[in-house]
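All remarks here apply to the structure that follows.
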Amino acid sequence: MEIFLLIVILILAGYIAYLHTKLIKRDLQFESLLKKMVVSESPAKYDELRSEKILDEDVMKFMLEYEDRAKIYLHYTKFKSDAENILKEGFRFAESFYKTAFSVTSDRLDLLVKHNSKRYYGDYVIVICISDRIIKYYNDEIAKAGIKNCNYENILTERPPEKNDNADTVYVLPSKYIKGIINHRTGEIIKNPDFDPDYSSPWFEINIEKMKTINQ
């Protein structure tokens, strides 16, 4: 019995050492790719990017908490007052949700590349999180209704779409899908107490019926 336990302990110790080595190798590869990506532009930019908080453990944990069952998007904005207004009123977007919001995962390099291209739009990062269940349900409803050229984000609104000065159609994603705000320079996190990635509204069904009529 003692020999068996010793063998098990040795196997576990070996596995832990293997995982540790793998993590070190991954971090070294990450640093190498980061240098190649940034230093070519400016050596000072590498130090600046490394000092930011977007990859801090608590920030990543907050941002990606629901990654296993939801889609996560980020939007950058300059002023804290604008970020807080989005937290309260919802996220406004013209025509396409993806003009100013982009998806993220736990792929640290992919996140950093995207962050590097967007961080000058502002210090405040809006974290948007919509459950896979909600996305699948409304995508299926759109397909069943035979609606063409419509993304699920255009259905998830409780306000009638409006036209802006450029004649673009403006939608408002409910604030329930806003998980919170991150200051990518300081690491400050502001949570939305009303956040609900599974939020569904009777208005969404009404929007489908309206779109169905338009498409007929």
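The values are calculated or read from the model by the stated rules, or taken from the named source; none is laboratory data. Quick caveat: nothing in here was measured; it's all calculated off a predicted structure. No Cβ is skipped: glycine too gets one built from the backbone with ideal geometry, and neighbour counts run over all protein chains shown. Remember, those area values only see protein heavy atoms, side chains included, never the ligands or the DNA or RNA. Shrake-Rupley method; radii C 1.70, N 1.55, O 1.52, S 1.80 Å.
For this structure, a couple of remarks:
- When restricted to residues that are hydrophobic (A, V, I, L, M, F, W, C) and assigned to a loop (DSSP other than H, G, I, E, B), the stretch 180-210 contains 1.
- Of the numbered criteria (1) at pLDDT 95 or above; (2) polar (S, T, N, Q); (3) not in a loop (DSSP other than H, G, I, E, B), the one Thr213 fails is (1).
- Near pairs, Cβ below 7 angstrom, 6+ apart or cross-chain, from the stretch 92-112 (assigned to a helix (DSSP H, G or I)) to any residue that is open to solvent by 70 Å² or more (accessible area, probe 1.4 Å) and among the polar types (S, T, N, Q): Phe97/Asn151
- Taking residues in the stretch 64-79 that are among the polar types (S, T, N, Q), and partners anywhere that are in a strand (DSSP E or B), the pairs with Cβ atoms closer than 7 Å and at least 6 places apart or on different chains are Thr77/Tyr124; Thr77/Ile126.
- Top-ranked residue of the stretch 61-115 - restricted to ones that are within 27 Å of Ile155 (Cα to Cα) and among the acidic types (Asp, Glu), ranked as most open to solvent (accessible area, probe 1.4 Å): Asp68
- Residues being part of a helix (DSSP H, G or I) and open to solvent by less than 70 Å² (accessible area, probe 1.4 Å) - total across the stretch 116-125: 3
- Condition met for Ser131 (closer than 15 Å to Ile72 by Cα, touching an Asp or Glu at 6+ places or on another chain (Cβ under 6 Å), modelled with pLDDT of 95 or more and open to solvent by less than 70 Å² (accessible area, probe 1.4 Å)): yes
- Residue list for the stretch 177-192, restricted to those being open to solvent by 70 Å² or more (accessible area, probe 1.4 Å) and either β-branched (Val, Ile, Thr) or over 19 Å from Glu67 (Cα atoms) (or both): Arg185, Thr186, Glu188
Okay, residues lined up against (1) more than 30 Å from Glu52 (Cβ to Cβ); (2) touching a residue at least 12 places away in the same chain (Cβ under 8 Å); (3) in contact with a strand residue (DSSP E or B) (Cβ under 8 Å, 6 or more places away or on another chain); (4) among the β-branched types (Val, Ile, Thr):
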{"residue": "Asp165", "(1), (2), (3), (4)": "yes, no, no, no"}
{"residue": "Val172", "(1), (2), (3), (4)": "no, yes, yes, yes"}
{"residue": "Gly180", "(1), (2), (3), (4)": "no, yes, yes, no"}
{"residue": "Ile190", "(1), (2), (3), (4)": "no, yes, yes, yes"}
{"residue": "Tyr199", "(1), (2), (3), (4)": "yes, yes, no, no"}
{"residue": "Phe204", "(1), (2), (3), (4)": "yes, yes, no, no"}
{"residue": "Ile208", "(1), (2), (3), (4)": "yes, yes, no, yes"}
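- Residues that are assigned to a loop (DSSP other than H, G, I, E, B) and surrounded by 14 or more Cβ atoms within 10 Å (Cβ to Cβ), drawn from the stretch 161-176: Pro161, Asp168, Pro174
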